[in-house]
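Chemist: Got a structure for you, questions after.
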Amino acid sequence: VDSSGRLGWVKKSKKAILKWMKKAADTAPVVQRERLFPGHVYGTWLNHKDWDALDKMGNKDTVAYVSKVFRPKNATMFIVGNINAEDAVKAATTYMGGWEGYGKEPAGWTAPKREYPAPPPPPARQIILFNKDNASQTEVSYQCQLAPINEENEWSAAIMSDVISDALWLALREQTGASYGAYPYTQYLPGGVGIFGQAVSVQNDSTGFAVKTFIEQGEKAKAMKLDDRIVATQKFNNAQAYVLGQSSASKMFSRLVGTRNRGWSFDNYGKIASRIAKVSQKDFPALLERCVGHEVITAVGPLAIIKPQFEKLGMAVEVFDVDTYRKTYRETMGLKAEKEEKKKDEKKK
C-alpha cells in the first residue's frame, strides 16, 4: 500500500471537476443523476471538500482499511478454464492455502456486509435543456428509476428495452431520418437499483419529437401496448445471445464475477431459459411503476432552436444555466471567483 501519489491525484481530480462544469454536454449527465436520485449516494459525486478529506489520509489509514477488506473469509477464488476440478482445488490449496490476508487481522474482525441504501422516491417528470450553440445535433438522454432488479425480473427488463429499441429505430430512423438510431438500455446498480434509459443524437429541429417519442414508448410499455410479435422475437434473440457470454474463459469469468457482485446465486444459471420463456408484457407495468411520469430528460443543443419546439408541444421545460451552477459550486466550496483565477493565470504568462 502506497499513498504517496495522492497529492497529484487529488489535485488532478479537483481540476477535472471545474473543467467538466464548463461544458454543457459534460454537466448534463451529472445533473441528470443528481435529479434522478436526489440526496442519495447514486446522485452524488466527490466534490472539492471530499477530495480534501481524502487528502488527509495517509498510509496508516490506508493500511488499516485494506487490512479489513483483504482477508480469506472475505474472498472468492474463481478458476475458469478447461481444467480438472480436483486438480484445480489441489493447486489452489497448495499455492493459496497459506494466505492469511493483508497484514494483521484486526481485533474482532468480521466480513464487511453488502448493504446499500434504498433508492429515494422518484422525482416528478423533468425536461432540462442545456444550451450548446453551433451544435449540428442535439444530445437527448432519458433516464428513470426501474423497480428493483433481481434474478426473477432481469430478463423482463432486458427484453422490454430491446422491444423499445425496435420501436425507436422505426420512429427516429426509418420514418423520419432524424437520427442514425436511438439506444435504450437498462443499468443495474448495487442494491438492486435499476435504471431504464434512452439516448439519441438527433437533428436539432427534431429534438422535441425525439423527447415526445421517448416518453410515449415508456407509456406504451407500461400500458402493455408494445408489439407482442417483437416481444417474441426479442425473447428468442436474448436466449440465443446468452450463450455468447460463456464462449471464452474471460467471458465466463466476467459472468461469474458479475453474478457474485450482484449477490445472486450461481443456481440462477439453470433457470435462465425458463425465465426468458415466461417474459410477457404483463411484466412491464411493475418494472415502470417508478419510471413513467418520473423521468429526468436532458437535451443539449442550440437553445434558440430546441426550446420553441417544446412550447409548441405544450411541454414544460427547465433551462439550465451551467455558468450559475458552476459559480454556486465554487462559492459553496469556498473557491475563488473565476475572474480572479483568470488574472492569476495571465500574470503567469
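Chemist: Any residue in region 152-180 that is at pLDDT below 95 and buried (at least 21 other Cβ atoms within 10 Å of the Cβ) sitting within a Cβ distance under 7 Å of a residue that is among the aromatic types (Phe, Trp, Tyr) and in a helix (DSSP H, G or I)? List the pairs, counting only those 6 or more apart or interchain.
Modeler: Matching pairs, first to second residue: 178/209.
Chemist: Right, another one. Across region 11-53, what is the total count of residues that are hydroxyl-bearing (Ser, Thr, Tyr), in contact with a Lys or Arg (Cβ under 9 Å, 6 or more places away or on another chain) and in a helix (DSSP H, G or I)? Walk me through how you get there before you give the answer.
Modeler: Here is the first cut: in region 11-53, the residues hydroxyl-bearing (Ser, Thr, Tyr) are 13, 27, 42, 44.
Narrowing the set further to residues that are in contact with a Lys or Arg (Cβ under 9 Å, 6 or more places away or on another chain) leaves 27, 42, 44.
The next check asks that each one be in a helix (DSSP H, G or I); those that pass are 27, 42.
Residues in region 11-53 being hydroxyl-bearing (Ser, Thr, Tyr), in contact with a Lys or Arg (Cβ under 9 Å, 6 or more places away or on another chain) and in a helix (DSSP H, G or I): 2 in total.
Chemist: Here is a follow-up. Within region 1-21, restricting attention to residues that are exposed (fewer than 13 other Cβ atoms within 10 Å of the Cβ) and of a type in the set (D, E, K, R), which residue is modelled with the lowest pLDDT?
Modeler: Ranking the candidates gives 2 first.
Chemist: Separate question: Do we have any residue at all in region 143-153 that's touching a strand residue (DSSP E or B) at 6+ places or on another chain (Cβ under 8 Å) and assigned to a helix (DSSP H, G or I)? Even if it seems obvious, please write down each step before you answer.
Modeler: First pass over region 143-153, keeping only residues touching a strand residue (DSSP E or B) at 6+ places or on another chain (Cβ under 8 Å): 143-149.
Filter once more, keeping what is assigned to a helix (DSSP H, G or I): none.
No: region 143-153 contains no residue that is touching a strand residue (DSSP E or B) at 6+ places or on another chain (Cβ under 8 Å) and assigned to a helix (DSSP H, G or I).
Chemist: Can you find a residue in region 104-111 that is within 22 Å of residue 258 (Cα to Cα) and at pLDDT below 90?
Modeler: Quick first cut of region 104-111, residues within 22 Å of residue 258 (Cα to Cα) only: 111.
Next, from what is left, pick out any that are at pLDDT below 90: 111.
Yes, because at least one residue in region 104-111 is within 22 Å of residue 258 (Cα to Cα) and at pLDDT below 90.
Chemist: Next question. Condition first: open to solvent by 60 Å² or more (accessible area, probe 1.4 Å) and of a type in the set (Ser, Thr, Tyr). Now tell me which residues in region 22-62 satisfy that.
Modeler: 44
Chemist: Let me confirm something: among 41, 30, which residue is touching a helix residue (DSSP H, G or I) at 6+ places or on another chain (Cβ under 8 Å) and of a type in the set (A, V, I, L, M, F, W, C)? Even if it seems obvious, please write down each step before you answer.
Modeler: On the way: 41 fails: touching a helix residue (DSSP H, G or I) at 6+ places or on another chain (Cβ under 8 Å).
None of the other options fit; the residue is 30.
Chemist: Continuing with the same structure: Looking at region 133-142, which of its residues are in a loop (DSSP other than H, G, I, E, B) and open to solvent by 60 Å² or more (accessible area, probe 1.4 Å)? Show your work before the answer.
Modeler: Initial filter on region 133-142 (in a loop (DSSP other than H, G, I, E, B)): 133-136.
Of everything in region 133-142, those that are in a loop (DSSP other than H, G, I, E, B) and open to solvent by 60 Å² or more (accessible area, probe 1.4 Å) turn out to be 133, 134, 136.
Chemist: Does any residue in region 101-122 that is farther than 30 Å from residue 38 by Cα come within less than 7 Å, Cβ to Cβ, of a residue that is open to solvent by less than 80 Å² (accessible area, probe 1.4 Å) and among the hydrophobic types (A, V, I, L, M, F, W, C) six or more places away or on a different chain, and which pairs are these?
Modeler: From residues that are farther than 30 Å from residue 38 by Cα, the pairs are 102/66; 103/63.
Chemist: Also, quick follow-up: Look through region 310-320, keep the residues that are part of a helix (DSSP H, G or I), more than 21 Å from residue 134 (Cα to Cα) and of a type outside the set (Lys, Arg), and return whichever of them is most open to solvent (accessible area, probe 1.4 Å). Reasoning before the result, please.
Modeler: Filtering region 310-320 for residues part of a helix (DSSP H, G or I) gives 310-313.
Among the residues that remain, those that are also more than 21 Å from residue 134 (Cα to Cα) are: 311-313.
Those still in the list that are of a type outside the set (Lys, Arg) too: 311, 313.
Values: 311: 115, 313: 76 Å².
Out of the qualifying residues, it is 311.
Chemist: I need every pair where a residue in region 246-265 that is under 18 Å from residue 189 (Cβ atoms) has its Cβ under 7 Å from the Cβ of a residue that is part of a helix (DSSP H, G or I) and not charged (D, E, K, R), sequence separation at least 6 or different chains.
Modeler: Taking only residues 6 or more apart or on different chains, the pairs are 259/266; 259/268.
Chemist: Does residue 94 count as open to solvent by 40 Å² or more (accessible area, probe 1.4 Å) and β-branched (Val, Ile, Thr)? Walk me through it before giving the result.
Modeler: Numbers: open to solvent by 40 Å² or more (accessible area, probe 1.4 Å): yes; β-branched (Val, Ile, Thr): yes.
So residue 94 fits the description; yes.
Chemist: Which one of these does residue 323 not meet: (1) under 16 Å from residue 207 (Cα atoms); (2) part of a helix (DSSP H, G or I); (3) not β-branched (Val, Ile, Thr)?
Modeler: Evaluating residue 323 over (1) under 16 Å from residue 207 (Cα atoms); (2) part of a helix (DSSP H, G or I); (3) not β-branched (Val, Ile, Thr) leaves (1) as the failure.
The values are calculated or read from the model by the stated rules, or taken from the named source; none is laboratory data. These figures come from a predicted structure and were not determined experimentally. Note: ideal-geometry Cβ built from the backbone for every residue, glycine included; neighbour counts use all protein chains shown. Just the protein is used for accessible areas: all its heavy atoms, side chains included, with ligands, DNA and RNA removed. Shrake-Rupley method; radii C 1.70, N 1.55, O 1.52, S 1.80 Å.
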